[in-house]
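Data block below; observations after.
The values are calculated or read from the model by the stated rules, or taken from the named source; none is laboratory data. Computed from a predicted structure; not experimentally measured. Methodologically, a virtual Cβ is constructed for each residue, glycine included, from the backbone with ideal geometry; neighbour enumeration extends over all protein chains shown.
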Amino acid sequence: MDSLSYFALSWMSPELLALTALGTFLGIYVGAIPGLSVTMAVSILISFTFSWDVNHALCLMVGIFMGGVYGGSRTAILLNIPGAPSAIATALDGYPLAKQGLAGEAIGLSTVMSVIGGFVGILVLALAAPTISEFAITFQPRDYLMLAILGITLVGSLSTGSLAKGMFAGALGVLVGTVGLDPLTAEERFTFGVIELWDGINVIAAMIGLFGVSEALHQLHHLDKTIIKQKINRIIPPWADVRRYLPLSIQSSFIGVIIGALPGTGGDIAALMAYDQAKRSTKNPKVPFGKGAKEGLIAPEAANNAAVGGAYIPMLTLGIPGDAVTAVFIGALFIHGLNPGPLLLVEQPHMFWFTVGNLTLANIFVLIFGLTGIRIFSKIVECPKAVMIPLILLLSIVGAYAINNSVVDVWWMLAFGVLGYFMRLYNYPVGPVILGLILSKLMDENWRRAILSERGDMGSFFANLFTSPLSCVLLAAILFAFFSQTPIWQRWLKPKLLSR
Amino acid sequence: MKKIILSAFAGLALSSAAMADYPTKDIQGIIQWGAGGSTDTVMRSVSPHAEEVLGTDIILTNRTGGVGAIATKYVNAKQADGYTLLMGAENPQMYKVLGLADIDYSDMIPVNVLARGIPLLVAQNDAPFDTMQEMIDYIKANPGAVKVGSTGKGGLASIVMAMIQSEVDLDVTTVPYNGDGPALTALQGGAIDVMPAVLGAAVQHVKAGRMKAIALVDKESNPVVPDTAPIVDALPGLSTYLPYGPFFGVFVKQGTPDDVVAKLSEAFSVGAESEDFQNLMQSRGYGVMNLSGDAAVDFLENYRSVSSWLVHDAGFAKHSPEEFDIPRP
Amino acid sequence: MSSLPHRYPGERLFSFCLIVFSIFIFWRAYLISGFSELSSPGAVPMGASAVMVLAACIAFAQSLKTPAVEGARFFYHCFPVVVGVMMAFIVLYAVLLEQLGFLVTSALFLFITLKALYGRSSLWTLGLTLGALLVIYVIFRLIFQIILPEGIIPEREILANLSRLFGGA
């Protein structure tokens, strides 16, 4: 009974309700603008809400978090510029839909599916948080390594044409991710003696360049092309559609929760893995993946919002952040005099239910704000290209600058923009570069950690691998991921197994 | 000619007037580390109080990279007018010997050294030892079997291990992590056995019984973990290095006018004394120092000499501390 | 990005450049720590660059086999002058940003590119430029407190005076 009253706390107070709404609304814009990240917004709010009551501050921050993760999909669909790395997979099928004049429908569908994903995440958080967090911390370095390798097999799904070109792009991403001072030994890698390279190449700068700038430059070819009229009569997806895609969105949400709950992995990896899983398991998409398949839009959106609930799982139960944003939340709780740690559930049980209730509320606001104002948003696509391109470029530059307040990131954005321009021209996929970049640290660090903990003895590395059930399951998943990209599975087994 | 002199005077009058009622515009605070880190948390909680005293906004910006060197260089590239503050941790004190940069806090003016952390040696619950002496005996009996987490060469964990190694020779397997947060998570999952971490980062986990405290790396025991013995009980030789620990401070560029520094010091001192800040530091297991002026300089010098010589003797310094006239502790 | 094999002029050269780049990177990766240990800092960079060399070679070989798109000219279909000019403008922007400051540089950038691409009257272009700048400035500088380079306009003094005017304090 107590928990219910804490759950409803933010629903009953008009002030808390309004703050959550405001946070969610702001969050959608923070998420949509590349370069403004949820992490950044939440940490600014820490000093801003310093003197506030802790519940008020949390409502605003939770709103920003929920809204921000959702907001990344807006620009991905409308402009092919993901607002955050977690929306990269959304752009793959969302943008083709906008090009067909279906931007309104795509945003409507992604909103509903994000909200469903969000609810699944919250539900798992409410019901199974302690169990999942105990499971999540048993991941050993070798298990994270397996997870990274599993992620790398996604290159296959992200490459549309030649696999060799996709592999090149993926390896380039991994390599770019290793630039800078090695976090484990402080050895310089590819820094050429330049101090600005110590911290490596920022993934957001690369993303804005590869997606935003290169897209804008390509659009220059079509300045005179007639503008696509957007059909905006159908925004709220019909019930039949929602029901048809419900199993897929729930499956994707579970991927999102688990990946989100693992410390060290977040919504970006979750969204890409869910996309891959959808591509593998969808028998006959109406439209092929990469050309505007609705399945390809639903899976990543459900997964990245479900990862929000997932990220809270280790944070609320153990005081271990599930991702970068929850790490800032932990700092905020400290400042407000709470002790986020394994004792939080014992000392402050109301915090748990308050957060669950507040997340639910924010998720409802995502639905409300997500489905209103789509008409105006869709008009963006109808703007003349000659006006849009300079604005997109300026926003990309400012966004890149804002990441670290440094011009260096602007240079990287530009370099990746030019590279991306030629890669697109010659049919090299750009998605795998970001995939490699996201997974690079996970792979590099855990590979070396795994070897170092065995003192360089490969024999005991494999012995431990095969005796740990978790590692064996992950290994099997990798083998299956490879196998499923072979012709035997594609032509023969997949139709048979899935037709039943 | 007259005009020029007049305008020069006017300019002078203007600038001295500007000094007198410093600050006349927003102040920029450059944080060396990323959002959500401990430096970030400390600075974001002390700044609102300093803002009240100064009567202006302090806009906080995270400029990460190069173990804090990028932020340090940035602040030193700005004007010495007190409108750009460096909010940093202990790292720059090691730049010179590790060959990371040719600048450290001795080249800047400390506004306030706010707080200091105490290192704590923790072990996973299944580890077959409970005290420092038992741990030493176990490692000696099973060379290479104990996995010790680290945060890279020059990090807190590596310096604490170097202190211990200077007294007893221990054969352990070192597994590097990207900060003590991830390492403590790995400790709970059993990936490593022992980790030297900051008291504040580990204390909640110890209290919840998720890991056990082996020794406090300090001369005396601490009320936050009253049952944990100080490391000098087992290794009395370490007392030459102690007290030792990471710290957080606010700095300005060399050449900033004295009255500006005084005003800033006063503002941050009020912030450090505020109840909120004291509570926050206590809950995180940090000791509030609130040092400015010569006291701050002395503290910084001692820290630099201890850590520089330890890494030098452990063999992972690029340059000898002698090159920079750093005295031996 | 259709899956039909087609090749624009310049693809062979681009793929060849990628091979050269990959080999250079592999050499740099080797220099990090050589073939010393599996857990050395250079291990993953070397593995990744080896894959790059291999994949770039395969892609190059494939490009030799694919037929070219008929009648395509490099400077018309692949790299029109306007793309090059735009890239140059961004470079110029990045160079001037720290000197002139955000407001001046962005206003110039937007005005010139809008005028060149859209070709409406100067007044209309100026209005759009200032409107867009205002929105970006409010979002980034005022709401999210991201300090954009000030350059020649003393923004902080102006803001301080403005807030004194309105705040009364």
* Asked: Applying the selection to the range A:311-344, what residues are without any contact (Cβ under 8 Å) to a residue 40 or more places away in the chain and farther than 16 Å from A:Gly260 by Cβ?
  -> A:Gly319, A:Phe334, A:Asn339, A:Pro340, A:Gly341, A:Pro342, A:Leu343, A:Leu344
* Give the residues of the range B:103-129 that are touching a residue at least 24 places away in the same chain (Cβ under 8 Å) and assigned to a loop (DSSP other than H, G, I, E, B), sorted by residue number. => B:Ile103, B:Asp104, B:Ile118, B:Asn125, B:Asp126, B:Ala127, B:Phe129
* Structure fact -> The lone condition A:Trp412 fails out of (1) within 10 Å of chain C (Cβ to nearest Cβ); (2) farther than 25 Å from A:Thr153 by Cβ; (3) at pLDDT 90 or above is (1)
* In the range A:5-15, which residue that is in a helix (DSSP H, G or I) and touching a residue at least 60 places away in the same chain (Cβ under 8 Å) is nearest to A:Ala57 (Cα to Cα)? -> A:Ser10
* **Single residue of C:Phe102, C:Phe109, C:Phe144, C:Phe140 found to be in contact with a Leu (Cβ under 8 Å, 6 or more places away or on another chain) and at pLDDT 90 or above** => C:Phe109
* Among (1) closer than 30 Å to B:Ile27 by Cβ; (2) surrounded by fewer than 19 Cβ atoms within 10 Å (Cβ to Cβ); (3) of a type in the set (Phe, Trp, Tyr), where does B:Phe277 come up short? -> (2)
* Given B:Thr41, B:Thr64, B:Thr24, which one is at the interface with chain A (Cβ under 9 Å from one of its Cβ atoms) and either outside any helix (DSSP H, G or I) or surrounded by fewer than 23 Cβ atoms within 10 Å (Cβ to Cβ) (or both)? -> B:Thr64
* Pick from the range A:341-355, criterion more than 8 Å from every other protein chain (Cβ to nearest Cβ) and surrounded by 21 or more Cβ atoms within 10 Å (Cβ to Cβ), ranking: farthest from A:Gly121 (Cα to Cα) -> A:Leu344
* To do: Within the range A:83-117, track down each residue that is part of a loop (DSSP other than H, G, I, E, B) and under 12 Å from A:Asn305 (Cα atoms).
  => none
* Of residues in the range C:98-115 being touching a residue at least 40 places away in the same chain (Cβ under 8 Å) and more than 10 Å from every other protein chain (Cβ to nearest Cβ), the one farthest from C:Leu133 (Cα to Cα) -> C:Gln99
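Table: residues versus (1) touching a helix residue (DSSP H, G or I) at 6+ places or on another chain (Cβ under 9 Å); (2) crowded, with 18+ Cβ neighbours inside 10 Å; (3) of a type in the set (A, V, I, L, M).
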{"position": "C:Ile90", "(1), (2), (3)": "yes, yes, yes"}
{"position": "C:Glu98", "(1), (2), (3)": "yes, no, no"}
{"position": "C:Gly131", "(1), (2), (3)": "no, no, no"}
{"position": "C:Pro154", "(1), (2), (3)": "no, no, no"}
* To do: Name every residue in the range A:244-270 that is surrounded by fewer than 24 Cβ atoms within 10 Å (Cβ to Cβ) and in a loop (DSSP other than H, G, I, E, B), in order of residue number.
  => A:Gly264
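To keep it simple, each residue is scored yes or no on (1) closer than 26 Å to A:Gly420 by Cα; (2) assigned to a helix (DSSP H, G or I); (3) touching a Pro at 6+ places or on another chain (Cβ under 7 Å).
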site	(1), (2), (3)
C:Ala72	yes, no, yes
C:His77	yes, yes, no
C:Ala94	yes, yes, no
C:Leu103	no, yes, no
C:Leu126	no, yes, no
C:Gly131	no, yes, no
C:Arg141	no, yes, no
C:Leu148	no, no, no
* Could you identify the single residue in A:Ser440, A:Ser453, A:Ser406 that is more than 7 Å from chain C (Cβ to nearest Cβ), within 29 Å of C:Ala59 (Cβ to Cβ) and of a type in the set (Gly, Ala, Ser)? => A:Ser440
* If B:Ala123 satisfies every condition in (1) at pLDDT 85 or above; (2) not assigned by TED's automatic domain parsing to the domain that holds B:Pro196 but one, which is the exception? -> (2)
* Asked: Is it true that some residue in the range A:55-63 is over 18 Å from A:Ile403 (Cα atoms), in contact with a helix residue (DSSP H, G or I) (Cβ under 6 Å, 6 or more places away or on another chain), at pLDDT below 90 and surrounded by 24 or more Cβ atoms within 10 Å (Cβ to Cβ)?
  -> no
* To do: Output yes when any residue across the range A:288-305 is in contact with a helix residue (DSSP H, G or I) (Cβ under 8 Å, 6 or more places away or on another chain) and either within 14 Å of chain B (Cβ to nearest Cβ) or within 20 Å of A:Cys59 (Cβ to Cβ) (or both), and no when none is.
  => yes
* State all residues of the range A:1-25 that are buried (at least 22 other Cβ atoms within 10 Å of the Cβ) and aliphatic (A, V, I, L, M); if no residue qualifies, say none. => A:Leu16, A:Leu19
* Answer residue from the range A:160-181, given it is within 14 Å of chain B (Cβ to nearest Cβ) and not in a helix (DSSP H, G or I) and is nearest to B:Tyr95 (Cα to Cα) among those -> A:Leu181
* To do: List every residue pair whose Cβ atoms lie under 6 Å apart, where the two residues are 6 or more positions apart in sequence or sit on different chains, the first residue falls within the range A:182-207 and is more than 10 Å from chain B (Cβ to nearest Cβ), and the second residue, located anywhere, is crowded, with 20+ Cβ neighbours inside 10 Å and small (Gly, Ala, Ser).
  => A:Ala205/A:Ala400
* Scan the range B:284-329 residue by residue and report those that are surrounded by fewer than 19 Cβ atoms within 10 Å (Cβ to Cβ) and hydroxyl-bearing (Ser, Thr, Tyr). => B:Ser305, B:Ser320
* Would you be able to tell me the number of residues in the range A:114-163 that are modelled with pLDDT of 90 or more, more than 30 Å from B:Asp193 (Cβ to Cβ) and among the hydrophobic types (A, V, I, L, M, F, W, C)? => 10
* Taking the range B:67-98 as the search range and keeping residues that are part of a loop (DSSP other than H, G, I, E, B) and more than 19 Å from B:Met43 (Cα to Cα), which one is farthest from the other protein chains (Cβ to nearest Cβ)? -> B:Ala80
* Could you tell me which of the residues A:Ser73, A:Ser51 is within 11 Å of another protein chain (Cβ to nearest Cβ), polar (S, T, N, Q) and touching a Pro at 6+ places or on another chain (Cβ under 9 Å)? => A:Ser51
* Structure fact -> Residue hits (the range C:55-65; at the interface with another protein chain (Cβ under 10 Å from one of its Cβ atoms), in contact with a helix residue (DSSP H, G or I) (Cβ under 8 Å, 6 or more places away or on another chain) and surrounded by fewer than 21 Cβ atoms within 10 Å (Cβ to Cβ)) are C:Cys57, C:Ile58, C:Phe60, C:Gln62
* Of the numbered conditions (1) in a helix (DSSP H, G or I); (2) touching a strand residue (DSSP E or B) at 6+ places or on another chain (Cβ under 8 Å), B:Ile164 satisfies every one except a single condition; which is it? -> (2)
* Structure fact -> Taking the range A:362-393 and keeping only residues that are within 14 Å of chain C (Cβ to nearest Cβ) and in a loop (DSSP other than H, G, I, E, B), one is left with A:Cys383, A:Pro384
